[in-house]
Amino acid sequence: MKLERILQNQGFGSRRQCRQLVELGKVRIDGHIIDEPDADIPTTGLVFEVEGETWTYREKTYVALHKPAGFECSHEPKHHRSVYSLLPHPLVTRNVQSVGRLDVDTTGLLLFSDDGAFIHTLSSPKKHVPKVYRARLAEAGNEALLHSLLSGVSLLDEPRPVQALTARLLDEYTLEMSLDLGKYHVVKRMIAAAGNHVEHLHRHGFGGLALGEAPLASLAEGEWLYLEAADLQQLHPSA
Ligand code: URA
């Protein structure tokens, strides 16, 4: 593929900007400056440098972010910074989108990709990909709370009761529950409908991935990493 096209589809700007980067000697492959934008470069296993930073060619890109509180899942945030400001600029330019959204005050695992089919698969309620949430409760949790969540609670605007797949107390005030649907404020609304209140919400896991466990074992708040093919398999077999 022509070098200028590689740079363009990897998110380094318009065709003109990418030609310019190359012509100004800012792109290296195997340590050598390549200053010919039309150079034909094989993309398989390609590692390249742009302005001293190393990148791996990725046809599609998959990213996990440990979202901190105080960031909106929007490209045009209204009151806070955007989660996209936590990702490197070329990823944003190549138009990665979050897989669903987390509330501004929710922390935890948020996935991004520029692969529409992947986003669709993971978001589709038909695929039943569980998401695991940990909620700090205002009132101590009890069996009645777990029972309500597991048997289903009625939410305004939802035609049928909404059920947790699993629910357990990690300690008196910490509830862990999993769900295979994503609806606006769903966990907070379910817990409120069950008679308690969420003081803080954290998404611990998504499919087969969980914060604190490989490959996300050391992903600190505000940090992101690329998900590789094996990680996607772990996330969900059809991801
Ligand atoms: N449910 C919520 O209430 N908030 C989130 O951010 C995610 C799920």
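Bear in mind these aren't lab numbers, they're just calculated from the coordinates by the rules spelled out. The model shown is predicted, which means the values in this text are computed figures rather than measured ones. Ideal geometry is used to build each Cβ from the backbone, glycine not excepted, and the neighbour counts take in all protein chains shown.
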Along the dipole axis of segment 1-131 (charges at Cβ: +1 for Lys and Arg, -1 for Asp and Glu; origin at the Cα centre), the most positive-end residue among 24, 130, 52 is 130
Length-normalised contact order of the chain, Cα under 8 Å, at least 6 apart, in percent, tallies to 19
What net charge do the residues around residue 82 carry, taking every other residue with its C-beta under 9 Å from that of residue 82, with Lys and Arg at +1 and Asp and Glu at -1?
-1
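Taking N as the number of residues in the chain, what value does Rg over Cα atoms divided by 2.2 N^0.38 Å take? Please report the intermediate quantities before stating the final value.
Values: Rg = 21.1 Å, N = 239, 2.2 N^0.38 = 17.6 Å.
Compactness ratio reported: 1.20.
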Tabulate in residue order the Karplus-calculated ³J(HN,Hα) for segment 183-189, using 6.51 cos²θ - 1.76 cosθ + 1.60 with θ = phi - 60°, rounded to whole Hz; enter x for Gly and Pro.
10, 3, 6, 4, 5, 4, 5
Which shape class, rounded, prolate or oblate, goes with segment 3-56 when its Cα gyration tensor gives a ≥ b ≥ c as root eigenvalues, a/c under 1.5 marks rounded, and past that a/b bigger than b/c marks prolate?
rounded
In deg cm²/dmol, rounded to the nearest 500, the helical mean residue ellipticity at 222 nm of the chain, built from -39500 (n - 2.57) for every DSSP H run of length 4 or more, is -6000 deg cm²/dmol
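Going by C-beta contacts inside 10 Å, put 187, 92, 153 in order with the fewest on the left.
92, 153, 187
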With +1 on the Cβ of every Lys and Arg and -1 on the Cβ of every Asp and Glu, and nothing else charged, how large is the dipole of the chain about its Cα centre, in debye rounded to the nearest 20?
660
Quote the FRET efficiency, to the nearest 0.05, computed for residue 163 versus residue 89 with a Förster distance R0 of 45 Å and r equal to the Cβ-Cβ distance.
0.65
Would you mind checking the pairs 26/60; 127/188; 67/183; 126/183; 126/188; 67/127 and listing those with alpha carbons more than 20 angstrom apart?
26/60; 127/188; 126/188; 67/127
